[in-house]
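Each remark here refers to the structure printed beneath this line.
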Amino acid sequence: MGAPPSGDWDAFYRAREGSAHSRRFAEKYEPFLRLLRAHAPRAADIAEFGCGTGIVSRTLLDGRSEVRARHVLYDNDSRMLANAKRRLRGARRGGAIEFSLSDIRADLPRRRFDLIHSHGVLEHFDGDEARLIVRNQLSRLKRGGWLIQYVPSWKYVIPSFGDERLRSASDWTAICAPDRIVEFNDGFDFILVWRRG
């Protein structure tokens, strides 16, 4: 995955900490978070791949009144995992939270999950790598489990970090065949959804 223009993901994300950023994030990505929350109560094991600062898992945990699931957050950058640990401190309300250093292209855990999610990850990979990542993540789902991925659409025109592949819904369908694509924010954002039967 490429780095932001400054070359430092850690500095980029540290500049986006705090309650104001968390509120803006929750508002902008509410449809994605709502879909995660709809499936999380039934999940015993939840994984977030490419967790970055852990803002998605923290928002998900904050939005649940009763947490029983085990959450495992994965990232390939130890500094991001340190940021995620800091953000999720105090979020343990009945479910275990684990952190693991791994590369989603090749280093997936043997365990299986009821829900796997990522936010802003797949667009950093070419089509073949994105297809492989999705196939690998689907193989880690329990029967009846859900894979839910957020990606920005082609409507953004200019990538935020410089290396995103901003694609259309039909491009994503051709690359990794989601069961469903949900568009929101006037088509600027997509949620890619798969269910393992």
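Values computed for the structure shown
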{"read-out": "So Glu129, is it within 16 Å of Tyr29 (Cβ to Cβ) and among the acidic types (Asp, Glu)", "value": "no"}
{"read-out": "Flag for Lys142 being in contact (Cβ under 8 Å) with a residue 40 or more places away in the chain, surrounded by fewer than 19 Cβ atoms within 10 Å (Cβ to Cβ) and not in a loop (DSSP other than H, G, I, E, B)", "value": "yes"}
{"read-out": "Residues of region 117-128 satisfying the condition of being buried (at least 16 other Cβ atoms within 10 Å of the Cβ) and either assigned to a strand (DSSP E or B) or out of contact with any Phe, Trp or Tyr (no Cβ under 7 Å at 6 or more places or on another chain) (or both)", "value": "His117, Ser118, His119, Leu122, Glu123, His124, Phe125"}
{"read-out": "Residue match in region 71-81 (condition: among the basic types (Lys, Arg), farther than 20 Å from Lys28 by Cβ and touching a Pro at 6+ places or on another chain (Cβ under 8 Å))", "value": "no"}
{"read-out": "Residues being modelled with pLDDT under 85 and within 14 Å of the chain's Cα centre (by Cα) - total across region 74-95", "value": "0"}
{"read-out": "Region 168-197, residues that are in a loop (DSSP other than H, G, I, E, B), closer than 15 Å to Phe32 by Cβ and either in contact with a Phe, Trp or Tyr (Cβ under 7 Å, 6 or more places away or on another chain) or of a type in the set (S, T, N, Q) (or both)", "value": "Pro178, Asn185, Phe188"}
{"read-out": "Failed condition for His71, given (1) part of a strand (DSSP E or B); (2) at pLDDT 90 or above; (3) surrounded by 14 or more Cβ atoms within 10 Å (Cβ to Cβ)", "value": "(2)"}
{"read-out": "Which listed residue, of Glu98, Glu66, Glu17, is at pLDDT 90 or above and of a type in the set (Asp, Glu)", "value": "Glu98"}
{"read-out": "Residue selected from region 139-171 under the condition of a type in the set (A, V, I, L, M, F, W, C) and under 16 Å from the mean Cα position of the chain (by Cα), by the criterion farthest from Phe184 (Cα to Cα)", "value": "Leu141"}
{"read-out": "So Ile97, is it touching a Leu at 6+ places or on another chain (Cβ under 6 Å), closer than 24 Å to His71 by Cα and of a type in the set (A, V, I, L, M)", "value": "yes"}
{"read-out": "Yes/no for Val151 being surrounded by 14 or more Cβ atoms within 10 Å (Cβ to Cβ), of a type in the set (A, V, I, L, M, F, W, C), within 28 Å of Pro41 (Cβ to Cβ) and touching a Lys or Arg at 6+ places or on another chain (Cβ under 8 Å)", "value": "yes"}
{"read-out": "Some residue of region 104-113 being in contact (Cβ under 8 Å) with a residue 60 or more places away in the chain and outside any loop (DSSP other than H, G, I, E, B)", "value": "yes"}
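The values are calculated or read from the model by the stated rules, or taken from the named source; none is laboratory data. Note that the structure is predicted; figures quoted are calculated from it, not measured. Cβ: placed from backbone, ideal geometry, glycine included. Neighbour counts: every protein chain shown.
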